[in-house]
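Scroll down for the structure; my scribbles are underneath it.
The values are calculated or read from the model by the stated rules, or taken from the named source; none is laboratory data. Please read all numbers here as calculations on a predicted model, not as lab measurements. So basically every Cβ, Gly included, is an ideal-geometry build from the backbone, and we count neighbours across all protein chains shown. The area values use the complete protein model at the heavy-atom level, side chains included, leaving out ligands, DNA and RNA. Shrake-Rupley method; radii C 1.70, N 1.55, O 1.52, S 1.80 Å.
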Amino acid sequence: QVQLVESGGGLVQAGGSLRLSCAAPGRTFSSYAMGWFRQAPGKEREFVAAISRSGGMTEHADSVKGRFTISRDNAKNTVYLVMNSPKPEDTAVYYCAAGTYVNIRRNEYDYWGQGTQVTVSS
C-alpha cells in the first residue's frame, strides 16, 4: 500500500508560477513511476505528466508541454509538478498517482492521492 499526499495547490494568477508536491512516505517510493492527473468540474480526469522510477524519463501532455515540468527526489520520497505560466483552463483538482511504468492512462496507476485544488485567475 502506498499513501500519497499532495500539497501546494491554491490560487494563482495566469502567467504566474506554482509548485505542487506529492509525498509518499515509506521505502518503496523509488519503486514506482509517478504521474500527475487533473480533473476539472464536469470533465474526465486527464493525464498531465509522468516520470519514471529513476527520473530519467518524463512525459508531458501536449496541453502543458513547455509550461509544466515533472520531477522527483527519491531521497525525499517526493514528486513535483512545477506549473509555469498557468492559464485559467488549467484550473482543476490535481492528483498524483503511483504505478509500475510511465503511462498516460489513468487505469494503469495503482495508488492515488486525495487531490489538491489549483485555481488560475485571469
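Summary table below
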quantity	calculated
Net charge of neighbours whose Cβ lies under 12 Å from the Cβ of PHE68, counting Lys and Arg as +1 and Asp and Glu as -1	+2
The range 1-111: radius of gyration over Cα atoms, expressed as a fraction of 2.2 N^0.38 Å	0.99
The chain, accessible surface, carbon-and-sulfur percent (1.4 angstrom probe)	45
Max mean-square fluctuation residue, GNM over the chain, Cα-Cα springs under 10 Å, options ALA50, ALA61, ALA33	ALA61
Unit charges at the beta carbon, dipole of the range 1-105: most positive-side option, PRO41, LEU81, VAL93	LEU81
Sites matching GluC sites (Glu not before Pro) across the range 31-63 that sit in DSSP coil, with at most 15 neighbouring C-beta atoms within 10 Å	GLU44
Cut-off of 10 Å, at most 11 other beta carbons, DSSP loop: longest stretch of the chain lacking such trypsin sites (Lys or Arg not before Pro)	66-104
